[in-house]
Amino acid sequence: MSDKYDVVVIGSGPAGYVAAIRAAQLGLKTACVEKWQKDGKMVNGGTCLNVGCIPSKALLDSSHKYHDAAHAYQSHGIVTGEMSVDVPAMIARKEKIVAQMAGGISGLFQANGVTSVFGSGRLLAGHKVEVTAADGSVQTLEADNVIIATGSLPINIPVAPVDNDVIIDSTGALELQEVPKRLGVIGAGVIGLELGSVWGRLGSEVVVLEALPDFLAMMDKQIAKESLKIFKKQGLDIRMGARVTGSEVKDGQVTVSYENGEGTQQETFDKLIVCVGRRPYTEGLLAPDSGVNLDERGFIFVDDYCATNAPGVWAVGDVVRGPMLAHKGSEEGVMVAERIAGQKTAMNYDIIPNVIYTHPEIASVGLTEEEVKQSGEPYEVGTFPFMAIGRAVAADQAEGMVKIVAHAETDRVLGCHIVGPSAADLVQQVAIAMEFGSSAEDIGMTVFGHPTFSEAVKEAALAVHGHAIHMPNRKKRK
Ligand code: FAD
Ligand code: AMP
């Protein structure tokens with residue numbers, strides 16, 4: 001059987017499903033192929049909805065509520081009785097949310113006229129996609145354009161092979177049925193910190209082992225330093241410069257060996273989460289004559305507009321270069337759908353917010369101070385602590401700060417970096433300002449509601465010129 005489409009998308013994660021919906025909105029006959037199965041049923045939504053952004057945030061939220069009730073309510077004069085955690089109920093709540101969100105994608109496909117095809121897609125020459133269903137039946141879809149959005153998988157390291165029992169990856173860490181007494185996490189990246197936080201808040205003694213010497217090396221240094229200080233205060237044991245070199249599972253526990261400056265160390269854990277990054281997912285995807293090239297790191301090679309070297313074949317999301325973030329893939333999906341429809345859409349890769357959903361959140365957009373310094377451009381920095389923000393003090397969330405980096409001559413905002421309450425949403429405000437080419441003065445002149453956490457953004461913008469009101473300015477300027 002053969003069907004002809006304008007667009008066939010392979011993969012229904014945030015890159016693929018958004019591309020499919022936008023293509024259908026533009027009047028293109030579109031199909032989206034997905035192979036993910038859960039409990040014998042095929043599901044849309046990819047990593048993000050099933051084992052990524054959404055379930056991790058569900059558990060971060062549940063664990064935060066527990067932690068607050070156990071430790072933070074007292075200072076508000078709220079007396080709680082003895083507390084306990086029903087982990088299976090917490091996991092079941094997360095599953096319900098996942099099912100609801102994934103079902104939402106299927107609903108959106110129906111509403112927009114996207115044909116959902118379940119099975120494993122393989123790109124053949126000539127824009128043909130061979131789809132093998134779970135029952136082994138095969139069909140071939142023909143298309144004028146194919147969009148590859150097959151995403152990524154967790155990286156496995158031989159020194160700590162995942163056995164899905166004692167040594168688990170991020171997916172396993174979202175499914176634990178009890179709180180491990182001692183929990184090891186390899187990798188102090190975004191995912192390691194978020195998952196370590198979930199189980200730490202629920203009572204695990206968490207040790208995070210990170211090979212690199214600097215904490216959150218890709219972040220603005222000042223914000224990374226401030227974040228580490230806050231996490232240490234919270235009792236998260238983060239060991240930098242600790243490279244895991246081996247592991248041994250015995251009697252339901254794992255003993256991890258790691259090297260640090262002082263030699264080889266060992267730690268024993270009840271569970272070990274391996275969070276050392278993700279790799280592009282291309283297994284079984286490309287027939288030898290598909291004409292699509294990979295880059296040297298195994299990602300599908302694309303240009304600035306996500307076109308592969310095979311005409312009419314595009315690739316978006318985690319399977320191509322750039323940050324592995326859901327929203328980056330979604331924007332690429334929109335760009336490609338619109339370009340297929342004949343529009344000249346381009347994407348601004350310079351303004352992609354990045355968030356770590358710990359408590360407090362860490363968020364950034366644009367260039368770090370170090371990046372600007374390295375570029376040689378003259379710049380000014382404004383910082384403002386949440387300690388001086390009434391709303392933050394009232395909410396007992398006064399840790400952290402906002403930092404804005406602006407060009408010294410044009411005053412254009414080049415970057416914003418935040419650790420503190422609602423950092424994800426605050427950084428988005430600055431991202432919008434940056435998209436419109438805003439100066440620090442523009443943000444400083446904007447009227448912000450009071451009392452809000454966002455006043456820290458205004459004050460940091462004012463501080464760029466030494467004009468902050470609610471704190472003495474280091475720069476004294478009129
Ligand atoms: P995916 O979401 O991986 O989707 C790819 C889809 O393609 C999958 O459904 C897969 O089954 C399917 N597929 C693959 N091969 C084939 C084939 N041959 N045929 C058919 N289908 C195929 N990002 C954020 O922005 N914010 C967050 O808070 C965040 N939190 C995260 C937390 C965790 C624990 C993890 C693991 C990731 C998190 N991410 C987060 C990253 C985010 O999930 C990914 O960046 C995003 O899912 C990538 O989207 P994608 O569409 O490119 O790929
Ligand atoms: P991310 O890529 O942001 O998910 O982060 C993964 C982190 O895991 C990186 O900071 C790596 O340095 C770290 N990492 C990778 N391999 C090891 C290892 N063997 N031991 C400790 N940390 C590691």
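The values are calculated or read from the model by the stated rules, or taken from the named source; none is laboratory data. Model, not experiment: these values are computed from the prediction. Note that we place each Cβ from the backbone using ideal geometry, even for glycine, and neighbour counts take in every protein chain shown. What goes into the accessible areas is simple: the full protein's heavy atoms, side chains included, and nothing from ligands, DNA or RNA. Shrake-Rupley method; radii C 1.70, N 1.55, O 1.52, S 1.80 Å.
If I stretch the segment between Y305 and Q265 completely, what's the gain in nm (0.36 nm per residue apart, minus their alpha carbon distance), one decimal? Please report the intermediate quantities before stating the final value.
Working: separation 40, 0.36 × 40 = 14.40 nm, distance 4.69 nm.
Taking 0.36 nm per residue and subtracting the Cα distance, the gain is 9.7 nm.
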- Note on the structure: Filtered hits (lysines, Cα-Cα < 16 Å from K128, offset >= 8 within chain) -> K4, K29
- Item | Gained length - R297 relative to K229, 0.36 nm times residue gap less alpha-carbon distance | 21.1 nm
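Pick out the long, greasy-scoring helices in the chain: whole DSSP H runs spanning 24 Å or more along their own axis by Cα, mean Kyte-Doolittle at least -1.0. Present the calculation step by step, with values, prior to reporting the outcome.
Working: long enough: 87-112 (38 Å, 0.44).
Counting only whole DSSP H runs, the qualifying helices are 87-112.
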- Item | Pairwise label distance in nanometres, K373 with A424, each label 7 Å out on the Cα-Cβ vector | 3.0 nm
- Message: List the trypsin sites (Lys or Arg not before Pro) within region 142-204 that DSSP assigns to loop and that have no more than 16 neighbouring Cβ atoms inside 10 Å.
- Response: K181
- Message: For a Förster distance of 51 Å, can you work out the FRET efficiency between the beta-carbons of K65 and Q343, rounded to the nearest 0.05?
- Response: 0.70
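Take the Cβ-Cβ distance between N473 and D135 as r, set R0 to 51 Å, and report the resulting FRET efficiency rounded to the nearest 0.05. It would help to have the intermediate numbers written out before the result.
Values: r = 69 Å, r/R0 = 1.35.
Using R0 = 51 Å, I get an efficiency of 0.15.
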- Query: Does region 320-478 classify as rounded, prolate or oblate by the C-alpha gyration tensor (a ≥ b ≥ c root eigenvalues; a/c under 1.5 gives rounded; else a/b over b/c gives prolate, otherwise oblate)?
  - Reply: prolate
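When a/c is below 1.5 the answer is rounded, else prolate if a/b is larger than b/c, else oblate, so apply that to region 167-276 with a ≥ b ≥ c taken from the square roots of the Cα gyration tensor eigenvalues. Walk me through the intermediate numbers first.
Details: a/c = 1.87, a/b = 1.25, b/c = 1.49.
The shape class here is oblate.
Find how much the distance from S257 to T245 grows on full extension, using 0.36 nm per residue of separation minus their present alpha carbon separation; answer in nm with one decimal.
Going from the current span to full extension adds 3.8 nm.
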- The answer for K29, listing residues at least 5 apart or on another chain whose modeled amide H is closer than 5 Å to its amide H, is D6, V7
- Query: How far apart, in nm, are two points set 7 Å out from the Cα along the Cα-to-Cβ line at N164 and at A217?
  - Reply: 3.3 nm
- Query: What figure in square angstrom, to the nearest 10, would you give for the accessible area of L153 with a 1.4 Å probe?
  - Reply: 50 Å²
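Is the chain best put as rounded, prolate or oblate by its Cα gyration tensor, with a ≥ b ≥ c the root eigenvalues, rounded for a/c under 1.5, and otherwise prolate when a/b is larger than b/c, oblate when not?
Details: a/c = 1.77, a/b = 1.23, b/c = 1.43.
Since a/c reaches 1.5 but b/c is at least a/b, the shape of the chain is classed as oblate.
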- Calculated FRET efficiency for the pair Q100/D237, C-beta based, R₀ 41 Å, to 0.05: 0.70
- Message: Under 5 Å between amide hydrogens, which residues at least 5 positions from V206 or on another chain qualify, with H placed 1.01 Å from N in the peptide plane?
- Response: L183, D237
- Give the long-range amide H neighbours of G291: residues separated by 5 or more places, or on another chain, with amide H under 5 Å away, using H modelled in the peptide plane at 1.01 Å from N. none
- With every protein chain present, what is the per residue accessible area of the chain (1.4 Å probe, Å²)? 46 Å²
- Message: Between region 139-209 and region 51-68, how far is it from one alpha carbon centroid to the other, in angstrom?
- Response: 14 Å
- What list of ³J(HN,Hα) values in whole Hz, one per residue of region 250-255 in order, does the Karplus curve 6.51 cos²θ - 1.76 cosθ + 1.60 (θ = phi - 60°) give from phi, with Gly and Pro shown as x? 8, 6, x, 10, 10, 9
- How big is the gap, in Å, between the Cα center of region 219-295 and the Cα center of region 330-397? 25 Å
